[in-house]
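The values are calculated or read from the model by the stated rules, or taken from the named source; none is laboratory data. This one's a predicted model, so the numbers in the text were calculated from it and none came from an experiment. Using ideal geometry, Cβ is built from the backbone for each residue, glycine included, and neighbour counts are taken over all protein chains shown. These accessible areas exclude ligands, DNA and RNA; they are computed on the full protein's heavy atoms, side chains included. Shrake-Rupley method; radii C 1.70, N 1.55, O 1.52, S 1.80 Å.
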Amino acid sequence: MDTDTDTGTDAGTDTGAGERAAARRMWHLLEPVHAVVYYAPEAYEEAAALGYGTAERWPAYFAWRAAPLGAAGAEETTAAFHSFSPDMVARYVPESWRIAAPDAVLAARTRAVTRTYAALLGPGADTPGVPEAATLARRVAGAAVPAGPLSAANAALPWPGEPAAALWQAATVIREHRGDGHLRALREAGLDPVESLVSFAAIGAAPPEVFASRGWTPTAWEAARSRLAARGLVDAASAATEAGRELRAQVERRTDELAAEPWRVLSDDEREHLAKTLEPFWVAAIGSGLLPGVNTLGIGKV
């Protein structure tokens, strides 16, 4: 973010800080609910049944995440995903749609979600908390004005009838809305896709080798580091300077500000109830051991 647009009634009072903190807290709770499907055995089985390779997670990942866009090409998918190198995206898209049509992928994705949470939650999948969480999260998703292609495409999908799948779809709309807002914040900060990753690594969000999963070559990474150094944002050791840390703090603040908007549809009590009902999902996802301990989103670090 270039500037913090929140204003208070008293000088120096930031009336938006609480809303931003609440949006970030709910992101931390919802992200594992969404992300665990990309790693779940049940999702790999559904992907294999469609014909995708499962020796690595990327063929299914690109199919699952890009399917709401329709049969999008590599350029459109690269722009929507932002952080992946164009060459990496081109390896999987549009090949994904030659293997299976987007509608077939979406149907398999819903089956994968339902099966994954049945396996993770066991009898807990049939408790009243699941439809309660789905109802509240769906209200938030419905209030999320699409901020970019991924949030818009997921918001336009029909809602699954099964509560766990509906909760996952709501979580997906909310997290893609946040992600689209994050891309806006990065653009406002003048950071291109690879610079976004280099600057994030520079503040300790994750080691550079973790960001290698996005497919950028060492040459592209070093060129981005040089551009950031010329702006005074990283030092010779690739660590963020004070200016670099402040710029990334502005990006995170702006991201939270944009992400907070749909959460206003819930009262404080409703948001707390949603947090409580999400707890079994969050615990199951984290406790499954499927999610990586260090991730490119910087959860737990920023």
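Observations on the structure shown:
- Distance between the range 59-76 and the range 134-181 - C-alpha centres, whole angstrom: 17
- Full extension of the chain between E246 and V265 gives 3.8 nm of extra length, using 0.36 nm per residue less the Cα-Cα distance.
- Point-to-point label distance, A49-E222, nm (Cα→Cβ direction, 7 Å offset): 4.8
- Each Cα pair under 8 Å and six or more residues apart adds its separation to the average, and for the chain the resulting relative contact order is 27 percent.
- Accessible surface area normalised per residue over the chain is 43 Å², counting heavy atoms of protein chains with a 1.4 Å rolling probe.
- Here the accessible area is traced with a 1.4 Å probe on the protein chains. For the chain, carbon and sulfur cover 56 percent of it.
- Cα-centred dipole magnitude for the chain, charges only on beta-carbon of K, R (+1) and D, E (-1), debye, nearest 20: 460
- Shape of the range 59-121, Cα gyration tensor, a/c cut at 1.5: prolate
- Answer label for semi-axes √(5λ) of the Cα gyration tensor in Å (calculated), chosen among (1) 30, 26, 17; (2) 44, 22, 17; (3) 39, 35, 16: (1)
- Put the Cα centre of the range 253-282 next to the Cα centre of the range 88-102 and the gap is 34 Å.
- Förster-model FRET efficiency, 35 Å R0, E95 and D192, C-beta, rounded to 0.05: 0.85
- The length gained on full extension between R231 and A212, counted as 0.36 nm times the residue separation minus their Cα-Cα distance, comes to 4.5 nm.
- Hz values of 3J(HN,Hα) by residue in the range 184-198 - Karplus curve (6.51, -1.76, 1.60), Gly and Pro given as x: 4, 5, 5, 5, 4, 7, x, 10, 7, x, 6, 4, 4, 6, 4
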